[in-house]
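Please read the structure below before turning to the comments.
The values are calculated or read from the model by the stated rules, or taken from the named source; none is laboratory data. Predicted model, so just to flag it, every value in this text is computed and none were measured. Note that we place each Cβ from the backbone using ideal geometry, even for glycine, and neighbour counts take in every protein chain shown. Ligands, DNA and RNA are stripped out before the accessible areas are found, and what is left, the full protein with its side chains, is counted by its heavy atoms. Shrake-Rupley method; radii C 1.70, N 1.55, O 1.52, S 1.80 Å.
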Amino acid sequence: MIAATRTAVAAPDGGTDPRRSPAVSPLTHLDMLEAEAAHIFREVAGEFDRSALLFSGGKDSIVMLHVALKAFAPAPLPFSLLHVDTGHNFPEVLAYRDRIVEKHGLRLDVASVQAYIDNGTLRERPDGTRNPLQTLPLLDAVRDGRFGAVFGGGRRDEEKARAKERVFSLRDEFGAWDPRRQRPELWQLYNGHHQPGEHVRVFPLSNWTELDVWQYIEQEGIELPEVYYAHRRKVFQRDGMWLAPGEWGGPRDGETVCERQVRYRTVGDMSCTGAVDSSASTVAAVIAEISASRVTERGASRADDRLSEAAMEDRKREGYF
Amino acid sequence: MTTGVAETVDRTESSGRLSGGLLRLATCGSVDDGKSTLVGRLLYDTKSVLADQAAAIEEVSRRRGQDGPDLALLTDGLRAEREQGITIDVAYRYFATPRRRFILADTPGHVQYTRNMVTGASTADLAVILVDARKGVVAQTMRHCAIAALLRVPHVVLAVNKMDAVDYRESVFTAIVAEFTERAGELGVADVTAIPMSALAGDNVVEPSGRMDWYGGDTLLSHLENVPLGDDPTGKALRLPVQYVIRQPSSDRQTVERWLAGQLASGVLKVGDPVVVQPAGATSTVVGLSVLGRETDTVWAPQSVAVRLADDIDISRGDTLTADLAPPAQRRITATVCHLDDRPLRPRQRVLLKHTTRTIPAVVEHIDYRVDVTDARRLPCDDGLSANDIGGVRIRTAEPLVVDDYAENRRTGSFLLIDPQDGSTLTAGMADAWAGD
């Protein structure tokens with residue numbers, strides 16, 4: 001009920017109620033974000049029969065897996081990993097992925113974009129970018145695995161369409177996201193009900209920022225694929241980004257390859273993930289670098305978000321992560 | 001414009017140990033109060049807007065023939081919102097100072113979007129309610145204030161915006177504060193701090209104003225950095241809703257250790273503490289505690305923990321560990337609810353009720369009244385609650401629940417009503433104090 005009792009109201013001059021005592025929490029902001037993410041994992045484990053964690057070997061999915069392993073320790077993870085492999089992944093990242101799967105005794109399913117192209121189900125795009133091609137293999141894998149929930153490493157600070165994403169995001173059988181039909185999400189009460197054919201995308205790192213992710217990597221001593229740290233690499237410039245040459249179709253005529261000291265802020269499909277000039281070879285150096293950076297993570301390194309002002313929103317509607 | 005994007009950005013110390021912790025706030029205002037500009041100003045002046053985002057909004061502003069960057073563009077999200085120039089949905093924004101991390105729920109102010117403000121306020125430690133200095137306190141202002149009171153948001157900031165449009169006059173501010181303070185008190189808002197500002201010109205949002213010498217208080221950001229975090233959950237009675245049971249086979253595989261996993265909703269728990277497993281009422285003693293795999297002897301809210309008990313009692317998801325038998329498990333709840341779904345909530349409707357980690361069948365026995373949120377008057381309600389209505393209901397559940405008075409414990413006093421057919425979230429509920437059978 002709306003209480004009718006009148007209580008002390010602070011004076012408008014900024015005076016404060018003397019009864020208040022500062023609640024000094026022994027928990028840091030990272031502790032609170034970690035506790036929230038673990039709660040989300042356990043909710044899904046408690047309510048869904050089958051779920052999968054999208055694991056690409058990118059830092060967000062690595063942090064997500066790290067929290068998940070802690071949330072169920074000392075027991076093994078109660079779900080499997082799923083990787084949508086575009087066929088253009090960094091070899092270092094694939095090697096890392098396989099090492100982690102082996103180390104923790106996990107089960108990994110790989111949905112291959114290349115296989116879909118080879119059998120004619122999908123066609124290569126003229127620009128060579130394969131990120132938009134991931135949706136179909138992902139949805140087929142979700143259907144074939146009968147997964148009710150799929151964990152993604154998406155964060156709301158990444159992009160403006162993601163700022164409105166729920167922690168539990170209901171998707172129809174086409175994986176589509178309808179921003180007008182999202183369920184209200186209150187307190188820590190997540191509604192995972194879904195109809196046959198529907199599934200729920202779950203984002204345990206919703207409230208983390210890029211800086212939180214890196215600070216957590218430092219705090220926990222988490223190993224990352226080496227491409228996240230400064231290294232010398234042959235690159236060429238396209239649309240103001242350093243791209244790595246490879247089978248995916250770069251460089252084109254007129255694009256010259258040179259060697260630079262770079263690192264990656266995000267790791268995805270090689271055709272649209274750009275490197276940034278960097279000398280940061282340790283976690284601390286990376287944190288110092290992004291603390292001083294004046295370019296957002298996606299702006300610096302994702303060509304696919306630059307296609308239009310609403311590029312991410314459109315891909316989410318179509319069933320993207 | 002008084003500030004631009006700084007050349008270097010020092011967003012936080014690198015240790016990750018921000019001494020001020022994490023503050024969740026919700027911003028609420030009517031359509032033209034300048035909320036988007038205020039949120040944009042907070043992000044822009046705390047250097048949370050980086051070069052490419054700033055360049056993008058500067059480009060769009062230039063195309064539209066505006067002088068400076070339109071900060072409201074920073075918070076525009078979806079295509080339909082840009083097309084219609086409105087905000088449809090709660091958006092979450094993130095910024096940090098060297099002292100504290102902030103999660104900002106940016107809630108739309110339209111009348112029909114009460115549910116969005118309820119959503120944003122449900123997790124907020126602090127609500128910023130915007131008023132246009134030229135218009136003063138309007139019906140929508142009190143609606144936002146009432147929702148903040150209803151959701152028990154611990155702190156309220158009255159942001160008297162657009163002071164530039166009233167020549168920064170103290171008398172305008174004082175009159176608005178006097179009216180708001182009196183009416184907020186009637187609605188039960190405990191703690192109001194009023195700040196005169198101009199989000200457009202940058203006065204008193206992040207930078208102190210040089211044009212309001214008569215105001216001696218904090219800027220908005222300085223207040224956000226220093227206000228105590230919400231109510232301290234460690235000072236309350238123990239509540240640990242069990243989410244999941246982690247089974248660890250012993251090394252010889254002859255026995256299985258059972259760890260009860262959950263996030264402490266409130267209280268502190270130590271090895272050796274006696275606990276009651278509700279609703280069954282069985283008692284036992286804590287023999288092991290772990291925080292995400294690391295064994296320890298004390299845990300406190302809101303940590304995600306696992307607990308091992310001395311006795312092998314039947315415990316599963318949905319049970320709650322408490323220190324004693326209060327509150328008693330009950331099958332009748334009286335509650336204040338905010339209806340969210342477009343289909344009305346009707347008396348005798350069958351629903352699923354989700355409370356902490358338990359979801360059970362329930363029936364809405366009676367809808368007692370509807371609340372006029374502008375003045376907290378109770379109105380008769382014969383035909384059910386429509387979307388965005390707030391009302392009082394009586395609910396009977398299929399199984400006993402351990403429900404707290406929402407005023408005492410937001411986490412264990414809140415619940416959702418869910419449509420058993422299509423799974424939609426229908427209604428958000430806040431339980432009243434238990435009045436006995």
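Over the stretch A:53-157, one equal point on each Cα, no solvent: what is log10 I(q)/I(0) by the Debye formula at q = 0.14, 0.17, 0.21 Å⁻¹?
-0.58, -0.84, -1.21
Using all alpha carbons of the stretch B:138-242, what is the percent of pairwise distances in each 5 Å bin, ordered from the shortest bin to the longest?
Bin by bin from 0 Å, the calculated values are 2, 11, 20, 19, 18, 14, 7, 4, 3, 2, 1, 0.
Starting from the Cα of A:LYS164, draw a straight line to each of the lysines and keep only those under 19 Å, dropping any in the same chain fewer than 8 residues away.
Within reach: A:LYS316, B:LYS35.
For the stretch B:234-322, which whole-number percentage of the solvent-accessible area (1.4 Å probe, protein heavy atoms only) is attributable to carbon and sulfur atoms?
Its accessible area is 45 percent carbon and sulfur atoms.
Name the most mobile residue of B:GLY235, B:GLY65, B:GLY288, meaning the one with the largest mean-square fluctuation, in a Gaussian network model of chain B with Cα contacts below 10 Å.
The residue that fluctuates most here is B:GLY65.
Ratio of the stretch B:308-361's C-alpha Rg to 2.2 N^0.38 Å, to two decimals?
1.56
Ranked highest first by the average count of other Cβ atoms within 10 Å around their residues, in what order do A:139-145, A:158-164, B:153-159 fall?
Going from most to least packed, we get B:153-159, A:158-164, A:139-145.
Summarise the partner chain shielding of B:143-151 as one whole number: the mean count of Cβ atoms from other chains within 10 Å of each residue's Cβ.
Average neighbour count from other chains, rounded to a whole number: 1.
Can you grab the distance from the C-alpha centre of the stretch B:298-343 to the C-alpha centre of the stretch B:223-264, Å, no decimals?
11 Å
Along the charge dipole of the stretch B:330-431, which of B:THR334, B:GLY392, B:PRO380 sits closest to the positive end, that is, farthest toward it, with unit charges on the beta carbon of Lys, Arg, Asp and Glu (+1, +1, -1, -1)?
The residue sitting most towards the positive pole is B:THR334.
Which semi-axis lengths, in whole Å and largest first, follow from the square roots of five times the eigenvalues of the Cα gyration tensor of the stretch B:91-147?
23, 15, 9
Which one of B:THR298, B:VAL275, B:GLY288 has its Cα pushed farthest toward the positive end of the charge dipole of the stretch B:234-322, where Lys and Arg give +1 and Asp and Glu give -1 at the Cβ?
B:THR298
Modelling each spin label as a point 7 Å along the Cα-to-Cβ direction, I'd like the A:THR282/B:VAL287 distance in nm, to one decimal.
Simple spin-label model gives 4.5 nm for this pair.
Give me the compactness ratio for the protein assembly as shown, meaning the Cα radius of gyration over 2.2 N^0.38 Å.
The protein assembly as shown yields a ratio of 0.95.
Using the per-residue mean of other Cβ atoms lying within 10 Å as a proxy for protection, in what order, highest first, do the peptides B:181-188, A:103-110 fall?
Averaged packing, sorted descending, gives the order B:181-188, A:103-110.
Using the Cα centre of the stretch B:22-230 as the reference point, and only Cβ charges (+1 on K/R, -1 on D/E), how large is the resulting charge dipole? Debye, rounded to the nearest 20.
460 debye
Name the residue farthest towards the positive end of the dipole of the protein assembly as shown from the options B:ALA190, A:HIS88, B:VAL205, assuming +1 on Cβ of Lys and Arg, -1 on Cβ of Asp and Glu, about the Cα centre.
A:HIS88
Can you give me the C-alpha center-to-center distance between the stretch A:85-120 and the stretch A:222-236, rounded to a whole angstrom?
Here the two parts' Cα centres lie 19 Å apart.
Counting just the Cα atoms, what span does the stretch A:210-276 cover along each of its three principal axes? Round to the nearest Å and put the largest first.
So the three principal-axis extents are 45, 20, 19 Å.
Where q = 0.18, 0.21 Å⁻¹, what log10 of I(q)/I(0) comes from the Debye formula for the stretch B:255-375, counting one point per Cα?
Debye intensities relative to I(0), on a log10 scale: -0.97, -1.18.
Over the stretch B:234-322, one equal point on each Cα, no solvent: what is log10 I(q)/I(0) by the Debye formula at q = 0.15, 0.16, 0.21 Å⁻¹?
Calculated log10 I(q)/I(0) at the listed q: -0.49, -0.55, -0.97.
Distance from the Cα centre of the stretch B:153-209 to that of the stretch B:351-368, in angstrom?
Between the Cα centre of the stretch B:153-209 and that of the stretch B:351-368, the gap is 39 Å.
With charges set only on the Cβ (+1 for Lys and Arg, -1 for Asp and Glu), what does the dipole of the stretch B:234-322 come to about its Cα centre, in debye to the nearest 20?
In total the dipole reaches around 280 debye.
Quick one: give the max-minus-min coordinate of the C-alpha atoms of chain B along each principal axis, largest first, in Å.
Extents along the principal axes: 74, 57, 40 Å.
Taking every pair of distinct Cα atoms and averaging 1/r, then inverting, what Kirkwood hydrodynamic radius in Å comes out for the stretch B:346-404?
One decimal place: 12.6 Å for the Kirkwood radius.
Taking every pair of alpha-carbon atoms in the stretch B:330-431, what share in percent sits in each 10 Å bin, from 0 to the bin with the longest distance?
Going out from 0 Å in 10 Å bins, the stretch B:330-431 shows 17, 53, 28, 2 percent.
Out of all DSSP beta bridges with both ends in the stretch B:22-230, state the antiparallel percent to the nearest 5.
Rounded to the nearest five, the antiparallel share is 25 percent.
What does the structure give for A:32-44 when I average, per residue, the other chain Cβ atoms found within 10 Å of the residue Cβ?
That average works out to 6.
Over the Cα atoms of the stretch B:22-230, Rg to Rh with Kirkwood Rh, two decimal places?
Rg/Rh for the stretch B:22-230 comes to 0.94.
Place a +1 charge on the Cβ of each Lys and Arg in the protein assembly as shown and a -1 charge on the Cβ of each Asp and Glu, then give the dipole magnitude about the Cα centre in debye, rounded to the nearest 20.
With only Lys, Arg, Asp and Glu charged at Cβ, the dipole is about 740 debye.
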